[in-house]
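Here is the structure we will look at.
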Amino acid sequence: MNRKTAAVSAGVVAGALAAGMIGSALVRRRHPRDVEPLGPPPPEDLGPVASFDGTPLAVRAAGDPEAPVVLLAHGFSLDMSSWWAVWPELAKDFRVIALDLRSHGASGRAAHGDLSLRAMGRDLAAVLEAVAPGRPAVVVGHSMGAVAILALAEQRPELFGPRIAGVALIGAASSDLLWGAMGSVTELLRPRLGSLQAAARRVDGLRRVVLAGPTGVSGVVARVTQFGPNAPKDVVDHVVALAQSTASEVWTDALPELMEMDLRHAVPRVRVPAIVLVGEHDRVTPPAGAVALTAALPEGRLVVIPDAGHIPMLETPEAVVRELRGFARAVLQPSVPRSGRRRRASTGSKEGGEGTA
């Protein structure tokens, strides 16, 4: 391998890890599903729930079945285990429902190979209709899950208000992901005038090659690029293991759409209270994008989470729980005055106190 090729390869690996797309044998080269879980899933198995096209979705729940509903949707190459440190606390006040999006986690492969963001948005609607019919809910989405919420607003804006009373968008963007860390690898792997689909196939090939290789620096690079400075080792290893286990079709079919998506026109259709959470060290969806997204939301409020990167619910769960609990209480419990009607920015406290508006 010549020096130029080695440099390009190192850059590709770093960029891929920045998006959480490849892992290393830091997970001790076992099958990722054999890695010690970070914590238990929600105890009640409500699945499989059939989505609009028949795709079976894994759905689990916790909390009082009569309590106000909070639905949790994970990000790209993750699954509902990314909420392990959040759902137990939220379940003290709410009926918490978590799903694995199509072709992720324990859910079935997407029917007809449909891994579009619009299909994932309709997954959210299908779960709400199946397990909480006629009840208002706060829908929480991380990264791709947040984009799925915007895709649902594009298709079913009438749901926002009667059924979806509020939304929380974590590590989110409505466009321009090519400017973030996820875009760095796809752009690097895309030949001039080439397609993102071709680049995604190269990403998946690279992912498999790296995973087949010896232990190395990839986990270290993942920590530096994907996470904040104090992310626990078991969190880093778990995210790497999930990325390792994700089906190739997610990389080759879902990733290009995620990179090319532009849902800015859908943001004004989210006509309900919305909170945007972003880690101060997020390199995948940088804070500048969160500022723009908040400004475009009719009732948006921005919260910057100190010390966190792209996955704050795993890195700083106490801060995320505090913000989600306060937001959901304000939206779902009429006796509590609704806050955040005006666009405001706040920064979470490192000590776990209330954020300031």
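Kindly check whether there is at least one residue in segment 123-142 that is over 23 Å from L332 (Cβ atoms) and touching a residue at least 12 places away in the same chain (Cβ under 8 Å). Lay out the reasoning, then the answer.
Let us first name the residues in segment 123-142 that are over 23 Å from L332 (Cβ atoms), namely none.
Scanning segment 123-142, I find no residue that is over 23 Å from L332 (Cβ atoms) and touching a residue at least 12 places away in the same chain (Cβ under 8 Å), so the answer is no.
For A319, the criteria (1) at pLDDT 90 or above; (2) surrounded by fewer than 19 Cβ atoms within 10 Å (Cβ to Cβ) hold in every case but one, which is (2).
Within segment 163-176, does at least one residue satisfy the condition of being out of contact with any Pro (no Cβ under 9 Å at 6 or more places or on another chain), modelled with pLDDT under 80 and open to solvent by 40 Å² or more (accessible area, probe 1.4 Å)? Scanning segment 163-176, I find at least one residue that is out of contact with any Pro (no Cβ under 9 Å at 6 or more places or on another chain), modelled with pLDDT under 80 and open to solvent by 40 Å² or more (accessible area, probe 1.4 Å), so the answer is yes.
Let's see how each residue does on (1) in a helix (DSSP H, G or I); (2) closer than 15 Å to V167 by Cβ; (3) in contact with a strand residue (DSSP E or B) (Cβ under 6 Å, 6 or more places away or on another chain); (4) open to solvent by 10 Å² or more (accessible area, probe 1.4 Å):
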| residue | (1), (2), (3), (4) |
| --- | --- |
| A290 | yes, yes, yes, no |
| P298 | no, yes, no, yes |
| E323 | yes, yes, yes, yes |
| V331 | yes, yes, yes, yes |
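Taking the numbered list (1) crowded, with 16+ Cβ neighbours inside 10 Å; (2) under 30 Å from A295 (Cβ atoms); (3) at pLDDT 75 or above in turn, P229 passes all entries but (1). When the residues of segment 61-100 are filtered to those that are aromatic (F, W, Y) and either closer than 19 Å to E323 by Cβ or part of a strand (DSSP E or B) (or both), the one that is most open to solvent (accessible area, probe 1.4 Å) is W84.
Which one of these is under 24 Å from A137 (Cβ atoms), crowded, with 24+ Cβ neighbours inside 10 Å and modelled with pLDDT under 85: G348, G355?
Values: G355 fails: crowded, with 24+ Cβ neighbours inside 10 Å.
From the options G348, G355, the qualifying one is G348.
Among the residues making up segment 247-286, a single one is at pLDDT below 90, open to solvent by less than 10 Å² (accessible area, probe 1.4 Å) and among the small types (G, A, S): A254.
So the check is Cβ under 8 Å with 6+ separation or different chains; which pairs have a first residue in segment 311-325 that's touching a residue at least 60 places away in the same chain (Cβ under 8 Å) and a second one that's assigned to a helix (DSSP H, G or I) and of a type in the set (G, A, S)? Taking only residues 6 or more apart or on different chains, the pairs are I311/S82; P312/A319; M313/S82; L314/S82. Within the group G289, G309, which residue is closer than 29 Å to P41 by Cα and either in contact with a Gly (Cβ under 7 Å, 6 or more places away or on another chain) or modelled with pLDDT under 95 (or both)? The match here is G309.
The values are calculated or read from the model by the stated rules, or taken from the named source; none is laboratory data. Predicted model only: the values in this text are computed from it and were never measured. Note that we place each Cβ from the backbone using ideal geometry, even for glycine, and neighbour counts take in every protein chain shown. Side chains are part of the model used for accessible areas, which takes the heavy atoms of the whole protein and leaves out ligands, DNA and RNA. Shrake-Rupley method; radii C 1.70, N 1.55, O 1.52, S 1.80 Å.
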